[in-house]
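Report on one structure; see the data block that follows.
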Amino acid sequence: MDTEVPKEPLRGGNMFTIFITSLSAAIVVAGGFGIVFQAGIVAATARLGLGTTFLWAGTAVNAALTLWLAMWTFARCWHVERRLKAGLEVDEPKLSILANFRGS
C-alpha cells in the first residue's frame, strides 16, 4: 500500500467543467429547497385556510430565497473549485455572493 503524498499537484478541471459542476450543485440544492418549502406553503394554505394572499406572498418569499440560494451555491462552488485548482485550502464560507467571486 502506497501512503506517500504525490509530489505533483492534482490537475483540476477546465472552466467548462467547473461551470457545469457549479450549475449542477446550484440546481440540486436550491431546487430541493424550493420544492420542499413551496410544498409547505401550499399545505399550510390548504390545511389552515389561509387564503390566496398567503399563498402568493409565501410563493414570492420562496422564489426570492430559492433564487438567492441558487446564486450563492453557484458562487460558492465556483470559488471552492478555483481554490482547489490553485492548490489552496477551502476557506470559511461567506454569506455574500460577490465575496465568493472575488479573488482566491
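The values are calculated or read from the model by the stated rules, or taken from the named source; none is laboratory data. Note that the structure is predicted; figures quoted are calculated from it, not measured. Note that each Cβ is placed from the backbone with ideal geometry, even for glycine, and that neighbours are counted across all protein chains shown. When the accessible area is computed, the model is the full protein with side chains, heavy atoms only, and any ligands, DNA or RNA have been set aside. Shrake-Rupley method; radii C 1.70, N 1.55, O 1.52, S 1.80 Å.
Here are some notes:
- Each of [x] 55, 35, 24; [y] 74, 19, 15; [z] 64, 35, 24 is a candidate for Cα extents along the principal axes in Å; the one calculated from this structure is [z].
- Residues 59, 53, sorted by accessible area with the largest first, give 53, 59 [1.4 Å probe; ligands and nucleic acids excluded].
- At the residue level, residue 89 shows approximately 150 square angstrom of accessible surface with a 1.4 angstrom probe and all protein chains present.
- Peptides 29-39, 66-76, ordered by how many other C-beta atoms sit within 10 Å of their residues on average, highest first, read 66-76, 29-39.
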